[in-house]
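Bear in mind these aren't lab numbers, they're just calculated from the coordinates by the rules spelled out. The structure displayed is predicted, hence computed values, not measured ones. Cβ placement follows ideal geometry from the backbone for every residue including glycine, while neighbour counts extend to all protein chains displayed.
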Amino acid sequence: MIGQCLLRFTSYGAFDKDSIKGNFKNFEYEPKKWDETDVDIKILYCGVCASDIHTASSGWGETDYPQVVGHELVGYAVRVGSEVKHVKVGDLVGVRAQNDSCGECGQCTAHREPYCDNGQVGTYAGVYKKGNGKGDKSYGGYANYHRAPGHFVLQIPKGLDPVSIYPRPALAAPMLCGGVTVYSPLTQYGAGTTAKDVGIVGIGGLDFGLLFANALGANVTAISHSASKKADAEKMGASRFIESGDGSDKNFAPYKRSLDLIVATTNDDKMPILGYLSLLRPGGNLILVGAPEKPLPPLPAFPLILSNVHIGGSAIGSPNKIAEMLELAATQKIHPWIVKRPLDSVNETIPEMVNKGARYRFVLVNEENGGKLD
């Protein structure tokens, strides 16, 4: 073990469903019991993800309170277990939405850890299943420090160093969930190669879909219910814009069978799935990465059968996939649209996020630890 020993962490915790109204409270907790495979991180930045809202409000099911959300965190490694070989004390590192997995099943050994046969452990709202910390709760990044199994701790490329002269400091944080959530299906389904024409549904917190699809060489179509974000979508790389409006057929008809792949980032449980499917060429894929709190609309079989189109889903991304994405972002200077806020403004920032005030990702800055607002 190398580095300082930390026994208790301080944070902003959600204690009930009303936390998202501006009721996060100071919360001190004991992290998972230390394993020599772990890394302790002094947090500089933590992105605010829609998952934080769904979890803090029990929107995806009852949350085990108190809970510390935040799974897009970047900081310095201050303690490194003896069995961790890819990170050393002082390295700039990141942690995303997954904190652990069994490491032994077919999915884990194939670098598909989010789909672990024995269930993944979330960076927050999870329970560790092995090691000295077995049975301990996982807590996230609205905090001063974070402890994570080393396999899920990633080096941040120098081109994304949040304290360098790079023009968009802290941009690495929201990529660790928001970025890889769209990058993973884009690469899996051939964006820019076998899927030349790609649609991205929703221009919000997962605006990364437009940025990465463009960087991968695809012809990018932005799909949104209104034209209010059309100019922003074009700046992010969209060459075409479809206004879906009320979801009626007439809004999709002019663009029928013009796309090979659609990644839907929206959390709207009333999304016009049949309209999206009509945009696909035979063999095309509609991949859902947004997770509504309520069931999706019923879907008849014939639109799938007669058009040979497919619906699937995708969850976050493996450590290997995130490293690949970060290298692409560093080499191509991909700039997500972020707004930085002090960590201690969490009770103003979260309600603003709930009211769709982010353009397009909030990043909480821990100034006490050296994070920079400017």
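With an 8 Å Cα cut-off and a minimum separation of 6 or more residues, compute the relative contact order for the chain in percent.
Relative contact order, the chain: 18 percent.
Pairs of alpha-carbon atoms within less than 8 angstrom and 6+ residues apart define the contacts here; what relative contact order does the range 293-374 have, in percent?
It rounds to 23 percent for the range 293-374.
Helix 319-332: angle to the longest alpha-carbon principal axis of the chain, degrees 0 to 90, nearest 10?
70
Which of these, GLY237, GLY283, GLY90, has the largest mean-square fluctuation under a Gaussian network model of the chain (Cα springs below 10 Å)?
GLY283
Among GLY103, TYR142, LEU306, flag the residue with its Cα farthest along the positive direction of the charge dipole of the chain, charges on Cβ as +1 for Lys/Arg and -1 for Asp/Glu.
Of the listed residues, the answer is LEU306.
Which shape class, rounded, prolate or oblate, goes with the range 178-313 when its Cα gyration tensor gives a ≥ b ≥ c as root eigenvalues, a/c under 1.5 marks rounded, and past that a/b bigger than b/c marks prolate?
Rounded shape, in that the Cα axes give a/c under 1.5.
With +1 on each Lys and Arg Cβ and -1 on each Asp and Glu Cβ, and nothing else charged, work out how big the dipole of the range 178-313 is about its Cα centre, in Debye to the nearest 20.
With only Lys, Arg, Asp and Glu charged at Cβ, the dipole is about 280 debye.
If you count the DSSP beta bridges with both ends in the chain, what percent of them are antiparallel, to the nearest 5? Mind showing how you got there, number by number?
Working: 34 of 62 bridges.
Given both bridge residues lie in the chain, the antiparallel proportion sits at roughly 55 percent.
Run the dipole for the chain about the Cα centre, Lys and Arg Cβ at +1, Asp and Glu Cβ at -1, nothing else charged, and hand back the magnitude in debye, nearest 20.
With Lys and Arg at +1 and Asp and Glu at -1, about 660 debye.
Below 8 Å, C-alpha to C-alpha, sequence gap of six or more: please give me the relative contact order for the range 194-235 in percent.
Contact order relative to length: 46 percent.
Going Cα to Cα from LYS196, which aspartates and glutamates come in below 16 Å? Please leave out same-chain ones fewer than 8 positions away.
Reachable aspartates and glutamates: ASP260.
May I ask you to list the lysines whose Cα is less than 27 Å away from that of LYS340, ignoring any residue fewer than eight positions away on the same chain?
Within the straight-line limit of under 27 Å, LYS340 reaches these lysines: LYS17, LYS21, LYS25, LYS42, LYS158, LYS229, LYS230, LYS235, LYS321, LYS356, LYS372.
Compute the separation of the alpha-carbon centres of the range 60-101 and the range 241-283 and state it in Å as a whole number.
Each part reduced to its Cα centre gives a spacing of 37 Å.
Which of CYS108, CYS49, CYS177 moves most in a GNM of the chain, Cα contacts under 10 Å?
CYS108
Calculate for the chain the 222 nm mean residue ellipticity that helices alone would give, adding -39,500 (n - 2.57) per DSSP H run of length 4 or more and normalising by residue count, nearest 500 deg cm²/dmol. Mind dumping the intermediate values first?
Values: 10 runs with 73 residues, N = 374.
It comes out at -5000 deg cm²/dmol, rounded to the nearest 500.
Give the aspartates and glutamates whose C-alpha is closer than 20 Å to that of LYS256, dropping any in the same chain fewer than 8 places away, or say none.
Cross-link targets: ASP197, GLU243, ASP246.
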